[in-house]
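Shown next, in structure tokens, is the structure this report addresses.
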Amino acid sequence: MPITYTSNEQVEVYRFSIPVTIGIPLLALFLQSFLPLRFPLFRDYVDLPLLITIFFAMARRNPIAGLFTGAIIGLAQDMLGHNPIGIYGISKTVVGYGASSLGVKLDVENAGARLLVTLGFYLVHSAVHYTVGHGLVNMTQTWSWSHGILAGLANAILAVPLFFLLDKFKQRT
Amino acid sequence: MESVLGRYRNLVILVGVLFLQVLGLAMQVKRGGNANDAENTRLIRIWGVGAITPFERLLVWAQNGSSDIWHNYFYLRGVRAENRQLKDQIEQMRLEQVRLAEDAAQARRLQTLLAFKEQFISRTVAAQVIGSSGSDLSRTVYIDKGENAGIKRDMAVITADGIVGKVLVVYSSVSQVLLINDQSSGVGALLEKTRLQGVLRGTANGEVVLERVMSDEQVPLGETVLTSGGDQIFPKGLPIGSVMKVGNGKDLFLNIKIKPAANLSKLEEVLVLVENKERQAVAEENVHVRAADILAQRLPSVPDKPATSTNAAAGTAGTTANPAAAKTAAKPGSTTPATAPAPKKPSTSSNVSSASAPGTGQTAKPAPQSSPAPKNAGAADDTEATPKPDASEKPASDQPKTAEPTPAAAPTAPPADAKPPADQSSPQ
């Protein structure tokens with residue numbers, strides 16, 4: 001799996017147009033809300049807003065931008081549910097920060113790296129979500145490694161073509 | 001100090017953003033007293049819901065439109081055969097309905113004796129499911145009806161198969177429904193045959209379990225679970241599901257896994273129970289129409305009733321026994337409220353769950369079929385289906401009887417004082 005270290009000089013930093021910055025997260029939230037009605041497994045195994053957070057964070061390679069992207073997408077996702085607002089916000093803030101920090105240090109442009117990074121961040125996201133939900137809000141949750149890994153793999157496999165598709169919207173700074 | 005902040009600027013901002021969110025969470029939990037109280041964050045949720053649901057509504061509308069065009073105009077293969085089959089089914093169900101009406105009347109008489117107050121669904125609003133929370137930790141769906149359609153918080157949401165959940169948050173044109181398999185939901189439930197009561201709860205992984213049933217009780221697999229009405233949200237007697245697995249739970253209670261009757265993962269249309277009413281049960285008298293009578297009415301070879309009826313209402317009987325009229329009445333859909341005596345309905349309006357009356361003592365002719373009622377709106381159907389006894393009616397024993405009908409004989413003559421329907425002589 002070719003994950004290569006890159007120096008800061010080699011790192012490409014991308015930006016996105018305003019319609020893409022707003023439209024793609026909104027589309028992801030819309031699909032996350034709508035598709036489970038037709039495909040019930042989608043809700044249990046796919047987290048599209050998370051994938052979008054990871055993508056934007058890794059492409060921008062700016063931890064501050066990454067954490068704010070994660071926070072905004074996460075808070076918007078919280079608004080659609082009935083649980084207190086902030087659980088997804090905190091989890092995705094951490095993921096956004098982590099993904100952009102990792103993007104600075106690693107070459108995350110190839111499919112293998114994206115697969116592993118997404119799998120890893122899905123588990124990080126689940127762990128933070130579980131901790132916050134269980135510890136702060138006292139939600140009853142069950143932690144299942146098998147479900148976590150399966151869902152992580154599903155997200156990682158979906159992330160590879162999705163990220164290549166989203167690469168089309170990148171603009172060089 | 002400044003250099004430290006500059007050096008760890010990213011980390012400091014991360015900690016700051018996380019701290020703010022934790023603070024926000026803590027405030028919501030503390031202020032609400034209940035972690036799931038969405039009212040405190042109403043404005044921010046309105047923004048989120050307002051940004052997403054219009055697209056969902058549009059997509060569902062487009063999807064339904066194209067599906068309707070296809071199914072209603074192009075793909076009509078087998079419709080004729082299906083129609084015939086459904087007509088047969090209606091005939092069967094009418095006979096069954098008569099039997100059930102007898103049982104219901106008997107139950108109502110007993111309820112009257114006990115001064116029992118019955119609850120029934122008087123008005124429902126049909127709604128389309130347009131979206132979901134998208135999270136497995138928040139099992140909620142959005143419906144396309146809100147405050148404008150009269151929806152209020154804590155109203156019950158059902159489908160024809162069984163209960164779905166309750167309205168959690170109401171916006172102007174959209175509502176959020178908490179499904180029964182969400183971990184924060186709770187429904188009063190009872191087992192149909194054993195009459196054991198318990199509390200139905202959702203679990204973190206989306207299952208539905210019945211709690212608070214003592215472990216020394218026998219709970220057979222497959223037994224139907226109904227609402228008990230104890231939660232003050234769902235009227236009593238609506239189907240919830242069936243027992244799938246029975247195991248030992250905490251303390252002295254059983255852990256009973258329930259398979260919901262409604263398909264909670266693929267909801268499309270639902271009914272919101274907008275109005276439930278409670279009233280004193282009224283016993284009826286003279287409800288003696290047998291399934292055989294109905295059957296007799298439908299036989300094509302039913303002879304004309306002799307006009308030499310001994311009772312005073314011979315003319316009326318003759319009119320009712322007219323085979324042509326009976327034949328017309330037997331045809332599903334051929335009767336209209338004008339051609340059959342309209343049952344006295346309570347003054348309630350229902351846009352979905354209105355029900356028609358089965359044959360009563362007034363006439364053996366089946367009452368007109370109205371809009372299809374959901375299977376689970378049994379309480380409502382039952383209540384509305386049977387008219388109150390008319391004050392002018394006399395008990396059957398007081399009335400001079402005509403020849404007792406047999407399945408192959410003439411149909412039942414109406415009671416002597418039953419008013420002949422104005423247009424019964426010319427049913428169209």
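The values are calculated or read from the model by the stated rules, or taken from the named source; none is laboratory data. Since the model is a prediction, treat every value here as computed from it, not as a measurement. Here the Cβ is made from the backbone with ideal geometry for all residues, glycine too, and neighbour counts use every protein chain on show. The protein model used for the area step is the full one, side chains on, heavy atoms only, and it has no ligands, DNA or RNA in it. Shrake-Rupley method; radii C 1.70, N 1.55, O 1.52, S 1.80 Å.
Over segment A:14-172, what number does the Rg to Rh ratio reach, with both radii from the alpha-carbon atoms and Rh per Kirkwood? That ratio is 0.94, to two decimals. Give me the number: length gained by fully extending A:L123 to A:I18, i.e. 0.36 nm times residue separation minus the C-alpha to C-alpha distance, one decimal in nm. Additional length available on full extension: 34.8 nm. Among the residues of B:255-266, the average count of other protein chain beta-carbon atoms within 10 Å of the residue beta-carbon is 1. With the helix formula -39500 (n - 2.57) applied to DSSP H stretches of n ≥ 4, chain A reaches a computed 222 nm mean residue ellipticity of -24000 deg cm²/dmol.
Charge tally around B:T194: other residues with Cβ under 12 Å, Lys/Arg +1 each, Asp/Glu -1 each, net -1. Protein heavy-atom accessible surface, 1.4 Å probe, per residue over segment A:65-108: 21 Å².
Backbone N atoms of segment B:250-273 closer than 12 Å to the 7 Å Cα→Cβ label point of B:S67 belong to residues B:266-270. The amide H of B:N255, built 1.01 Å from its N in the peptide plane, has B:G247, B:N248, B:G249 as neighbours under 5 Å, considering only residues 5 or more places off or on other chains.
Residues in segment B:44-61 near a label at B:L23, defined as backbone nitrogen under 19 Å from the 7 Å Cα→Cβ point? From segment B:44-61, the list is B:44.
Computed extension length for B:E275-B:V15: 88.6 nm, one decimal, from 0.36 nm per residue of separation with the Cα-Cα distance subtracted.
Compared with its chain on its own, segment A:47-92 contains the following residues whose accessible area drops by 50 Å² or more in the full protein assembly (probe 1.4 Å; ligands, DNA and RNA excluded): A:I64, A:M79, A:L80, A:H82, A:P84, A:I85, A:I90. Using a simple spin-label model with pseudo-atoms 7 Å out from Cα toward Cβ, A:D107 and B:M93 lie 6.7 nm apart.
Could you work out the mean count of beta carbons from other protein chains within 10 Å of each residue's beta carbon in B:47-53?
Working: counts 2, 10, 3, 1, 7, 10, 4.
Other-chain Cβ atoms within 10 Å of each residue's Cβ, averaged: 5.
Taking a probe of 1.4 Å, how large is the accessible area per residue of segment B:103-251, in Å²?
Numbers: 6110 Å² over 149 residues.
Accessible area per residue: 41 Å².
Exposure check, 1.4 Å probe, all protein chains in place: B:M27 carries approximately 100 Å² of accessible surface.
Take A:T53: with every protein chain present and a 1.4 Å probe, its accessible area is about 0 Å². State, in square angstrom and to the nearest 100, the accessible area buried between chains B and A, both chains counted, probe radius 1.4 Å. For B against A, buried area totals roughly 4200 Å².
Of the peptides A:120-131, B:46-57, B:68-79, the order by per-residue mean of other Cβ atoms within 10 Å, starting with the highest, comes out as A:120-131, B:46-57, B:68-79. Between the beta carbons of B:L113 and B:E192, assuming R0 = 22 Å, the FRET efficiency works out to 0.40 to the nearest 0.05.
Over all other residues within a Cβ to Cβ distance under 15 Å of A:H147, the charged ones net out to -3, with Lys and Arg as +1 and Asp and Glu as -1. With all protein chains in place and a 1.4 Å probe, the accessible surface of chain A carries 70 percent carbon and sulfur. Per residue of peptide B:9-19, the mean number of Cβ atoms on other chains within 10 Å of the residue Cβ is 5.
Charge tally around A:P40: other residues with Cβ under 14 Å, Lys/Arg +1 each, Asp/Glu -1 each, net 0.
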